[in-house]
Amino acid sequence: MATISLTISASDLTRAVDALGTRWGYSSTLPNGDPNPQTKGEFVRLKIAQWVKGEVHAHELGTAQAAVSVTDVVIS
């Protein structure tokens, strides 16, 4: 399996994880008030992976749609 790696300086890592966690909706508590068993870092890692998958899907869907040509539609 290939790897995509993101390198962030140690001094910026906490800032980046905090910022992305906040922007993507991480909460340290669950809706029922229990502590979130998922750390902010795990949450951000998962969201980055989901973002990459979503971008690939969007690209492939756009490519597939561009390959389809409809010239005339008749409904009778």
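No value in this document is a laboratory result; all are computed from the given coordinates. Only a predicted model underlies this, so the values are computations on that prediction, with no experimental measurement involved. Using ideal geometry, Cβ is built from the backbone for each residue, glycine included, and neighbour counts are taken over all protein chains shown.
Numbers at a glance
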| quantity | calculated |
| --- | --- |
| Gyration tensor (alpha-carbon) shape descriptor, the range 33-76, a/c threshold 1.5 | oblate |
| Using alpha-carbon coordinates, inclination of helix 10-23 to the longest axis of the chain, degrees | 60 degrees |
| Qualifying chymotrypsin sites (Phe, Trp or Tyr not before Pro) in the chain, DSSP loop, other Cβ atoms within 10 Å at most 15 | 24 |
| Gained length - residue 8 relative to residue 70, 0.36 nm times residue gap less alpha-carbon distance | 17.7 nm |
| Ratio Rg/Rh, restricted to the chain and using Cα atoms, in which Rh is the Kirkwood radius | 1.24 |
| Rounded to 10°, Cα long-axis angle of helix 40-66 versus longest principal axis of the chain | 10 degrees |
